[in-house]
Amino acid sequence: MKILLLGCEGQVGQELKLTLPSLGAVIAWNRTNLDLTNLESIVPAVVNQQPDVIVNAAAYTAVDKAENEPDLAHRINAAAPEKLAQAAVACGASLVHISTDYVFDGQQNRPYQPDTEANPLGVYGHSKRDGELAVQATTAQAVIFRTAWVYGAKGKGNFVKTMLRLGAERDELGVVYDQVGTPTWAYDIAQAIATLIPHLQKNNFGVYHYTNSGAVSWYDFAVAIFEEARTLGYPIQLSHVQPITSEQYPTPSQRPAYSVLAGEKIAKVINQTAPHWRTSLRKMLKEYHRFGV
């Protein structure tokens, strides 16, 4: 199997570089190998590689910044995936395209199923939903792989790394408690994708949800981060975490209040359930601690 991985320097992409080689040869591309904003270059560049599987872990993920850069967000998150789907059709490849819980409006009080109607709130969510629809409008054998609240030891900053930094610098911190979802370790996502690919057949392409199991607010996630970090010897001086509302911490882009994703569908296909979020958090913090943090 020949796999083309896009976004190989991101949080999930770096983990996919570890999990995908068990399936075959991996061509790992970053933005210097293929600029997804240069739409006309995508199809010929991909077709030239003749991959069996394309895994798109590249995305515009700056949720708040997207409100001021809607065209760029749409180009990377919607127009580029459409081109990747067209390339997949041209070379007979399967496409795994990573998407997000932010395609939902957060008005439910139960986990979102893969077939629940999407209704994004902000530019980022709209751009990701447009990307899903663009891929699905082609004849590509494609998987839309939605995940949520991604963090990892590798790649750029994320909520966990931010909390570790602030916990070492401050005595008190306010974190919103009225947004609920599931923190998901990038390594677990990469493992799930690598496990899913060999199971893909004509009758099971489509939309999948994968996160770690359980649900938690950002506030409770932060508290757990500090508790776990202290036991591992991180330099946490923070003494108090204050629960605050979303109104008390306004952001340019509105977030869904509840975005827990139901993972039963993928669990049946790969015959395994996702680890609990706290178990994976502990593993990530141990790995990150080995980097000398």
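Exactly one residue out of 36, 5, 20 is modelled with pLDDT of 95 or more, in a helix (DSSP H, G or I) and at negative phi, and it is 20.
Whether any residue in the stretch 99-119 is modelled with pLDDT of 95 or more, farther than 21 Å from residue 257 by Cα and not small (Gly, Ala, Ser) is what I want to check. Within the stretch 99-119, not a single residue is modelled with pLDDT of 95 or more, farther than 21 Å from residue 257 by Cα and not small (Gly, Ala, Ser). Kindly check whether there is at least one residue in the stretch 51-68 that is touching a Lys or Arg at 6+ places or on another chain (Cβ under 9 Å) and over 22 Å from residue 128 (Cβ atoms). Yes, that holds for at least one residue.
Being open to solvent by 20 Å² or more (accessible area, probe 1.4 Å), β-branched (Val, Ile, Thr) and closer than 23 Å to residue 14 by Cβ is the filter here; which residues of the stretch 36-59 pass it? Answer for the stretch 36-59, where residues must be open to solvent by 20 Å² or more (accessible area, probe 1.4 Å), β-branched (Val, Ile, Thr) and closer than 23 Å to residue 14 by Cβ: just 37.
Could you tell me how many of the residues in the stretch 218-257 are charged (D, E, K, R) and either open to solvent by less than 50 Å² (accessible area, probe 1.4 Å) or touching a Lys or Arg at 6+ places or on another chain (Cβ under 7 Å) (or both)?
Applying the first criterion (charged (D, E, K, R)) to the stretch 218-257 yields 220, 227-228, 230, 247, 255.
Okay, now just the ones that are also either open to solvent by less than 50 Å² (accessible area, probe 1.4 Å) or touching a Lys or Arg at 6+ places or on another chain (Cβ under 7 Å) (or both), so 228.
The total comes to 1.
What about residue 14, is it in a helix (DSSP H, G or I) and in contact with a Cys (Cβ under 8 Å, 6 or more places away or on another chain)? So residue 14 fits the description; yes.
One residue is enough: does the stretch 67-90 have a residue meeting the conditions surrounded by fewer than 18 Cβ atoms within 10 Å (Cβ to Cβ), modelled with pLDDT of 95 or more and more than 28 Å from residue 159 (Cβ to Cβ)? Yes, the stretch 67-90 has at least one match.
Out of the residues in the stretch 281-293 meeting the condition of being touching a residue at least 12 places away in the same chain (Cβ under 8 Å) and assigned to a loop (DSSP other than H, G, I, E, B), tell me which one is surrounded by the fewest Cβ atoms within 10 Å (Cβ to Cβ).
Here is the first cut: in the stretch 281-293, the residues touching a residue at least 12 places away in the same chain (Cβ under 8 Å) are 281-289, 291, 293.
Now restrict to residues that are assigned to a loop (DSSP other than H, G, I, E, B): 291, 293.
Working: 291: 8, 293: 17.
Checking each candidate, the answer is 291.
Number of residues in the stretch 178-207 that are of a type in the set (A, V, I, L, M) and touching a Phe, Trp or Tyr at 6+ places or on another chain (Cβ under 9 Å): the value is 7.
Could you list all residues from the stretch 8-34 that are among the charged types (D, E, K, R) and touching a helix residue (DSSP H, G or I) at 6+ places or on another chain (Cβ under 7 Å)?
So in the stretch 8-34, the residues among the charged types (D, E, K, R) come out as 9, 15, 17, 31.
Matches in the stretch 8-34: 15 only.
When the stretch 100-135 is filtered for residues that are open to solvent by 20 Å² or more (accessible area, probe 1.4 Å), of a type in the set (Ser, Thr, Tyr) and in contact with a Gly (Cβ under 9 Å, 6 or more places away or on another chain), only 102 remains.
Tell me, please, whether a residue that is assigned to a strand (DSSP E or B), in contact with a Ser or Thr (Cβ under 6 Å, 6 or more places away or on another chain), in contact (Cβ under 8 Å) with a residue 12 or more places away in the chain and over 17 Å from residue 150 (Cβ atoms) can be found in the stretch 46-66. Lay out the reasoning, then the answer.
In the first step, residues of the stretch 46-66 are kept if they are assigned to a strand (DSSP E or B); the result is 53-56.
Next, from what is left, pick out any that are in contact with a Ser or Thr (Cβ under 6 Å, 6 or more places away or on another chain): 53.
Okay, now just the ones that are also in contact (Cβ under 8 Å) with a residue 12 or more places away in the chain, so 53.
When the remaining residues are screened for being over 17 Å from residue 150 (Cβ atoms), the result is 53.
Within the stretch 46-66, one or more residues are assigned to a strand (DSSP E or B), in contact with a Ser or Thr (Cβ under 6 Å, 6 or more places away or on another chain), in contact (Cβ under 8 Å) with a residue 12 or more places away in the chain and over 17 Å from residue 150 (Cβ atoms).
Looking at the stretch 190-205, is at least one residue crowded, with 20+ Cβ neighbours inside 10 Å and among the hydroxyl-bearing types (Ser, Thr, Tyr)? No, because not a single residue in the stretch 190-205 is crowded, with 20+ Cβ neighbours inside 10 Å and among the hydroxyl-bearing types (Ser, Thr, Tyr).
Assess whether residue 229 counts as being aliphatic (A, V, I, L, M) and in a helix (DSSP H, G or I). If you could, list the steps in order and put the result at the bottom.
On the way: aliphatic (A, V, I, L, M): yes; in a helix (DSSP H, G or I): yes.
So residue 229 passes the test.
Within the stretch 162-169, is there a residue that is under 19 Å from residue 226 (Cβ atoms) and without any contact (Cβ under 8 Å) to a residue 40 or more places away in the chain?
Filtering the stretch 162-169 down to residues under 19 Å from residue 226 (Cβ atoms) leaves 162-169.
Imposing the further condition that a residue be without any contact (Cβ under 8 Å) to a residue 40 or more places away in the chain reduces the set to 162, 165.
Among the residues of the stretch 162-169, at least one is under 19 Å from residue 226 (Cβ atoms) and without any contact (Cβ under 8 Å) to a residue 40 or more places away in the chain, which makes the answer yes.
Does the stretch 266-280 include one or more residues that are closer than 26 Å to residue 124 by Cα, at pLDDT 95 or above, in a helix (DSSP H, G or I) and touching a His at 6+ places or on another chain (Cβ under 7 Å)? Within the stretch 266-280, one or more residues are closer than 26 Å to residue 124 by Cα, at pLDDT 95 or above, in a helix (DSSP H, G or I) and touching a His at 6+ places or on another chain (Cβ under 7 Å). Look at (1) of a type outside the set (Val, Ile, Thr); (2) touching a residue at least 12 places away in the same chain (Cβ under 8 Å); (3) assigned to a helix (DSSP H, G or I) and you find that residue 255 fails only one, number (3).
The values are calculated or read from the model by the stated rules, or taken from the named source; none is laboratory data. Note that the coordinates shown come from a computational prediction; the quantities given were computed from them, not determined experimentally. With ideal geometry, Cβ positions are generated from the backbone for all residues, glycine too; neighbour counts draw on all protein chains shown. To get the accessible areas, we keep the full protein, side chains included, count just its heavy atoms, and leave off ligands, DNA and RNA. Shrake-Rupley method; radii C 1.70, N 1.55, O 1.52, S 1.80 Å.
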